[in-house]
Every structure is written in structure tokens, then in C-alpha cells.
Amino acid sequence: MDEKEAPRVGAAVKRRRRALQLTLAVVSSRSGLSVPFLSQVENDRARPSHRSLELVADALETTAADLLAAAEASRTVDVVRADEASPALPPGVRAIVRGRHQLHALEFTGEQDAGREFQHRNDELLYVADGAAEVEAEGRAYRLDRGDTLYLSGGVRHRWRATEAGTRLLVVAVAEHVEAEEE
């Protein structure tokens, strides 16, 4: 298997290792592969040979086939059309990423419960696609116009409101079910 055909299994390897509560050092010891190499595999900066993948799988008490299947299952291409409604969401709110993924994204059109305060575990980005909005975060007010973005790290209390009719605000975040960690 050459470099172009070698699978990208990093996320599957990392999920399995964490599920077993193993460190990279333990996987290294079990597999005979170096910690730096395993780190590169997990971060998709290196692709393991078939033999290396088998060694990693053995160290993680699974099979290479299962790791490959988990990697394939996590690869998704999905188009969400502009006119698609999101039935489980209130009017004026539309999911722009469908399903349960690491990335969570919503589009808000018009006024959306301006008095509600939010505090999310993970990072998020607010982007004004049309109109304007005011965001209050950590006691400061920020005016955002069309094309502006505001980054909020996890844990920051905030609220926002549209300040012009027809405002469209995109909120893109690391999903709440994902444990974001510093590397």
C-alpha cells in the first residue's frame, strides 16, 4: 500500500485509545511503534502501513479492519440545501450541519430570544451573513456588521440580538458532545 492509498485512521485510533483510557506511551509499548509516530497517526500527519496498522490495532485490542471501518464511517459528505427546513428547531433557526458531528452549526434569521444567555462548554464562532447584531460577552458589548465574526472560547457567557431586520447569523461551534482538549 503506497502513501496515496494508506488510510487516514487517526480519529478512529484516537477514539479507541481514549475509550480504553490508554496513553500514547502505553500504546507505544504494546505496539513497538514510537510515541511521535503514533501521535502523527492520530493527528493524520502520518499514515500507517498495513503492518503498522495491525500493530496499533493489536495494541488497542481490536482489528485493523475495525479501525478502517470506523475511519470510513466517520467520513461524511452532506449537502444541506438553503430551502431545507429543520423541523425539530424553532422558526428562524436552521441546522446547516446535519447529524451528530464534531462541528455544530446553526443559522439564525431574524430576532431570536434576545434575552437568553448562553454558555457553551466548547468554542464557537458567530458570523453575520446579513444585517447586524449586537453580542454581549463577559460584560462587554460588540457590534457586528455583515461579514464580521466573533470568536468565543468555551465557557464564555454571552447573549446576542439582531439589530437590523433580515439579519442572518451563523453560529459554528465544537459540538457539546465532543470533549475539546488542548493539544
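The values are calculated or read from the model by the stated rules, or taken from the named source; none is laboratory data. Computed from a prediction, not measured in an experiment: that's the story for all the values here. Cβ: placed from backbone, ideal geometry, glycine included. Neighbour counts: every protein chain shown. Accessible surface areas use protein heavy atoms only, side chains included; no ligands, DNA or RNA. Shrake-Rupley method; radii C 1.70, N 1.55, O 1.52, S 1.80 Å.
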Mind running the shape call on the chain? Use the C-alpha gyration tensor, a ≥ b ≥ c as the square roots of the eigenvalues: rounded below 1.5 for a/c, prolate if a/b tops b/c, oblate otherwise.
-> prolate
Restricting attention to the stretch 12-111, which trypsin sites (Lys or Arg not before Pro) occupy a DSSP loop and are surrounded by at most 15 other Cβ atoms within 10 Å?
-> Arg45, Arg75, Arg81, Arg98, Arg100
So how tilted is helix 50-59 from the main axis of the chain? Cα-based, degrees 0 to 90, rounded to 10.
-> 80 degrees
Amide H within-cut-off set for Val97, under 5 Å, with H built and near neighbours excluded = Ala105
Amide proton proximity set for Asn122, modelled H, under 5 Å, gap of 5+ = Gly155
So what's the gap between the Cα centers of the stretch 21-46 and the stretch 120-165, to the nearest angstrom?
-> 39 Å
Tilt, helix 64-73 to longest principal axis of the chain (alpha-carbon atoms), in degrees rounded to tens, equals 20 degrees
Hey, with R₀ at 30 Å, roughly what FRET efficiency would Thr163 and Ala85 work out to, going by the Cβ-Cβ distance, to 0.05?
-> 0.70
Protection proxy ranking of 19-28, 35-44 - average other beta-carbon atoms within 10 Å, highest first = 35-44, 19-28
Quick calc, the chain, dipole around Cα centre from Cβ unit charges on Lys, Arg (+) and Asp, Glu (-), nearest 20 debye, gives 320 debye
Any idea what angle helix 10-19 forms with the longest principal axis of the chain, computed on alpha-carbon atoms, 0 to 90 degrees, nearest 10?
-> 90 degrees
Charge dipole (the chain, unit charges on Cβ, about Cα centre) - positive-most of Thr163, Ala141, Ser28 | Ser28
Determine, for each peptide in 169-175, 117-123, the mean count of other beta carbons within 10 angstrom over its residues, then list the peptides with the highest first.
-> 169-175, 117-123
Segment Leu68-Glu176, length gained on full extension (0.36 nm per residue, minus Cα span) | 36.3 nm
Given a 1.4 Å probe, how much area per residue of the chain is accessible, in Å²?
-> 61 Å²
